[in-house]
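Read through the structure below, which is laid out as structure tokens, and then see the notes.
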Amino acid sequence: MSFKKTITSGDNFSIHHETVFDDSIDEVIISLKNPSECCIKRKGDSDLTVIISLSEKNMDSLAIAWINERKLQNVFGGPVGKEYGAPDCDYD
């Protein structure tokens, strides 16, 4: 059994947090539609590199949504209470 929660999404991107209960696995899935560039490189039999290019605006949206989802604002010196931008803020 698994649980998938959408953290944020837009026209060309989405980020999901998926938990697989049977295997105790937590994964973050980033989906990009029509990235400006995509490259998969493999060196030998084991080293695999995936490079995907996305706009700064989409990356900002993904990063902010992830920070809010994980309540990491205070780690980066940002809001720690009900300030504007904090996950517990009553204003959107």
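Within segment 14-49, list the residues whose amide N lies under 13 Å from a label point set 7 Å along Cα→Cβ of Met59.
36-37
Decide, for segment 2-76, between rounded, prolate and oblate: order the square roots of the alpha carbon gyration tensor eigenvalues as a ≥ b ≥ c, take rounded if a/c falls under 1.5, and otherwise choose prolate if a/b is larger than b/c, else oblate.
Values: a/c = 1.75, a/b = 1.17, b/c = 1.50.
Note, shape of segment 2-76 comes out oblate.
Using a basic spin-label model with each label point 7 Å from the Cα along Cα→Cβ, how many nm lie between Asp47 and Asn74?
4.1 nm
Just rank Leu72, Leu54, Leu62, fewest to most, by other beta-carbon atoms within 10 angstrom.
Details: Leu72 12, Leu54 18, Leu62 21.
With the fewest neighbours first, Leu72, Leu54, Leu62 line up as Leu72, Leu54, Leu62.
Where a number appears in this text, it was derived from the coordinates with a stated rule and is not lab data. What you see is a predicted model; the values in this text were computed from it and never measured. Methodologically, a virtual Cβ is constructed for each residue, glycine included, from the backbone with ideal geometry; neighbour enumeration extends over all protein chains shown.
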